[in-house]
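One structure is given here, and the rest of the page talks about it.
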Amino acid sequence: MPNPSLLILPGDGIGPEVMAEVRKVIDWFGTHKDVSFDVTEDLVGGAAYDAHGVPLHDDTMAMAQKVDAVLLGAVGGPKYDELDFSVKPERGLLRLRKEMDLFANLRPAQCFDALADFSSLKTEIVSGLDIMIVRELTSGIYFGEPRGIMDDNEGGRVGINTQRYTTSEIRRVARSAFELAKKRNNRVCSMEKANVMESGILWREEVQWVHDNEYPEVELSHMYADAGAMQLVRKPKQFDVIVTDNLFGDLLSDAAAMLTGSLGMLPSASLGAPMANGRPKAMYEPVHGSAPDIAGEGKANPIACILSFAMALRYSFDMPQHADIVEGAVEAVLAQGIRTADLLGEEGKSPVTTSEMGDAIIAAL
Ligand code: ATP
Ligand code: MG
């Protein structure tokens, strides 16, 4: 078997700083576990604009289409605010998402015990929490036609958006959710508003169809999204994988993020269709941005990016044991009380630097 291939795009701001810590983890696997990755590193965002005049070079795009997974840091920063829209750093990211056709956005909400008191909820509600929200990313009300602000013929105006989902759009994201559930705890809860929306009725029918015809062994339940929002805050541990549309997923994944604490802890993934080897096209990235306010100061928390790599191990490289090792090391370091500044709150303790956090995770490995 060839080594798994990984394209690393550190990007801008704190992106390169947190990615340097991921490189330590990758090197550790090579030295201690005899697991090697074919790593290519390239530019994206403002860094690519500075070098090539475009936020993503065609060669980089071609490489992204070939590799088993892309790992991205962050793009953008004040230096690029005045650029023309067509070459803004964010356009590099959008091009990757669009050309790789990454239609399923994965946001885990995972609570590390040592941070359970950091959550906005009671410790017993979140401790041990480990759920995954799969949000449809390329269709639905954010893209449906007709849309626009028009005259309403009565002297006023009307704002219009259209929620529209096709059978194939629903089925493909449902398949992503069922595949993930098989690698986790075998349960999927689908959320829509089939009580009031036609697209919700179709959503429920098609998810059920995929279940009955392709994944009968996975447990499937359906919930109205408003009830789901309540349950997510009341008793989040009842869920394993939640699959939902673009709009509801946007809201539910942000709510779920706050179950667990800091932006510096949150990984994400975006998945597309299966490639020839059966694995989905995939890009992994921390939820946070380039954080220009702390860039270059060694203050960034590298854990979100390291956990994004752990997701790649689990979902792109079929190495769940290795993902467990990385997540276990993060848990151990947090249990030792080691904290970057974003995890300290009001306490009088002194924070570690980005690089010290990376070194502590290596030591725990
Ligand atoms: P973008 O538009 O790229 O999302 P943003 O400014 O909206 O950028 P972030 O870059 O994520 O959002 O930053 C939001 C806040 O969170 C900033 O104060 C930043 O310093 C902080 N922050 C983000 N990521 C981290 C991290 N990894 N470690 C520590 N603090 C972080
Ligand atoms: Mg932002």
**Report entry** Dipole magnitude (debye, nearest 20) for the chain, charges at Cβ of Lys, Arg, Asp, Glu
**Finding:** 600 debye
Query raised in the report: Of 245, 12, 42, which has the largest mean-square fluctuation in a 10 Å C-alpha GNM of the chain?
Result: 42
Report task. Please give the FRET efficiency for residue 143 paired with residue 350, using the beta carbon to beta carbon distance and R0 = 41 Å, rounded to the nearest 0.05. Result -> 0.30
Requested in this report: Give, rounded to the nearest 20 debye, the magnitude of the charge dipole that segment 284-331 has about its Cα centre when Lys and Arg contribute +1 at Cβ and Asp and Glu contribute -1 at Cβ.
Outcome: 60 debye
Query raised in the report: What residue among 235, 299, 193 shows peak mean-square fluctuation when the chain is described by a Gaussian network model with Cα springs under 10 Å?
Result: 235
Report summary line: Of the candidates 67, 139, 233, the farthest towards the positive dipole end of the chain (Lys/Arg Cβ +1, Asp/Glu Cβ -1, centred on the Cα centre) is 233
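What full-extension length gain, to one decimal in nm, is calculated for residue 201 and residue 151 as 0.36 nm per residue of separation minus the Cα-Cα distance?
Fully extending the segment from residue 201 to residue 151 adds 14.9 nm.
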**Report entry** Which listed pairs, of 66/98; 193/235; 24/98; 122/182; 122/237, have C-alpha distances above 23 Å, in listed order
**Finding:** 24/98; 122/182
Report task. Starting with the fewest neighbours, write out 132, 275, 100 ranked by other beta-carbon atoms found within 10 Å of each beta-carbon. Result -> 275, 100, 132
Report task. Please report how far the C-alpha centroid of segment 190-229 lies from that of segment 250-329, rounded to the nearest whole angstrom. Result -> 26 Å
Query raised in the report: What does the highest-first list of 105-114, 149-158 look like by mean Cβ count within 10 Å?
Result: 105-114, 149-158
Report summary line: Rounded to the nearest 0.05, FRET efficiency between residue 20 and residue 82 (Cβ-Cβ, R0 35 Å) equals 0.75
Report task. Post the alpha-carbon centroid distance, segment 50-67 to segment 89-157, in whole angstrom. Result -> 25 Å
Query raised in the report: Suppose R0 equals 25 Å; then what is the FRET efficiency for residue 238 and residue 183 from their Cβ-Cβ distance, rounded to the nearest 0.05?
Result: 0.80
Report summary line: Per GNM of the chain with C-alpha springs under 10 angstrom, the most fluctuating residue out of 35, 54, 330 is 35
Query raised in the report: According to a simple spin-label model (label point 7 Å from Cα along Cα-to-Cβ), what is the distance in nm between residue 277 and residue 231?
Result: 3.6 nm
Query raised in the report: Once label points are set 7 Å from the Cα along Cα→Cβ at both residue 335 and residue 359, what is their separation, rounded to one decimal in nm?
Result: 2.3 nm
Query raised in the report: So which aspartates and glutamates pass the test for residue 281, namely a Cα distance under 13 Å, with those fewer than 8 places away in the same chain ruled out?
Result: 68, 99, 101
**Report entry** Stretchable slack from residue 221 to residue 51, in nm (0.36 nm times residue separation minus alpha-carbon distance)
**Finding:** 56.2 nm
**Report entry** Cα centre as origin, Lys/Arg/Asp/Glu Cβ charges: segment 139-259 dipole, Debye
**Finding:** 560 debye
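Read-outs throughout are calculated quantities, based only on the coordinates presented, and are distinct from any laboratory measurement. As the structure is a prediction and not an experimental result, all values here were calculated from the model. Positions of Cβ are generated from backbone atoms using ideal geometry, with glycine treated the same way; all protein chains shown enter the neighbour counts.
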